[in-house]
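For reference, the structure discussed in these notes is given below.
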Amino acid sequence: MGDMIRLCSIDEVKVGEKRRFKLKDLGVEVLLVRLEDGFYAMENRCPHAGCPLSFYGEVREGNKLQCNCHGAVFDLRDGRVIEGPAQSPLRTYKVTIFNNEVFVEI
Ligand code: FES
């Protein structure tokens, strides 16, 4: 099990929004997305060519995240590639809600 890192309180990100968190100590940037059914966390870096998903990522219907750099589409629940050009999955992180706070396991 990795470290549990607090990102924010649940009220800070509304349904349909995404927000970037820089975890400097770990050298990781996390993108947190809130959908109707909960929060999803992933690396803020497209595995295709490294574009930041906080800028290029667009949440689409059906739990999809499209990287508008070159058009790759991922399932943001598990990071799998739905459409290329990306070949490898998006790295995702387990989210836990505790006392109205959002934590990710890194
Ligand atoms: S960097 Fe995301 S699709 Fe190319």
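The values are calculated or read from the model by the stated rules, or taken from the named source; none is laboratory data. These figures come from a predicted structure and were not determined experimentally. Here the Cβ is made from the backbone with ideal geometry for all residues, glycine too, and neighbour counts use every protein chain on show.
Would you pick out the residues in the stretch 75-106 that are touching a residue at least 24 places away in the same chain (Cβ under 8 Å), within 11 Å of the chain's Cα centre (by Cα) and closer than 17 Å to residue 38 by Cα? Answer for the stretch 75-106, where residues must be touching a residue at least 24 places away in the same chain (Cβ under 8 Å), within 11 Å of the chain's Cα centre (by Cα) and closer than 17 Å to residue 38 by Cα: 76, 77, 79, 92, 93, 94, 95, 104.
Would you mind stating whether residue 22 is loosely packed, with under 13 Cβ neighbours inside 10 Å and assigned to a strand (DSSP E or B)?
Details: loosely packed, with under 13 Cβ neighbours inside 10 Å: yes; assigned to a strand (DSSP E or B): yes.
Judged against the criteria, residue 22 is a match.
Kindly provide the set of residues from the stretch 2-51 that are of a type in the set (Gly, Ala, Ser) and at pLDDT below 90, ordered by number. Result: 2, 16, 27.
Quick check: anything in the stretch 37-49 basic (Lys, Arg) and in a strand (DSSP E or B)?
Applying the first criterion (basic (Lys, Arg)) to the stretch 37-49 yields 45.
Among the residues that remain, those that are also in a strand (DSSP E or B) are: none.
No, because not a single residue in the stretch 37-49 is basic (Lys, Arg) and in a strand (DSSP E or B).
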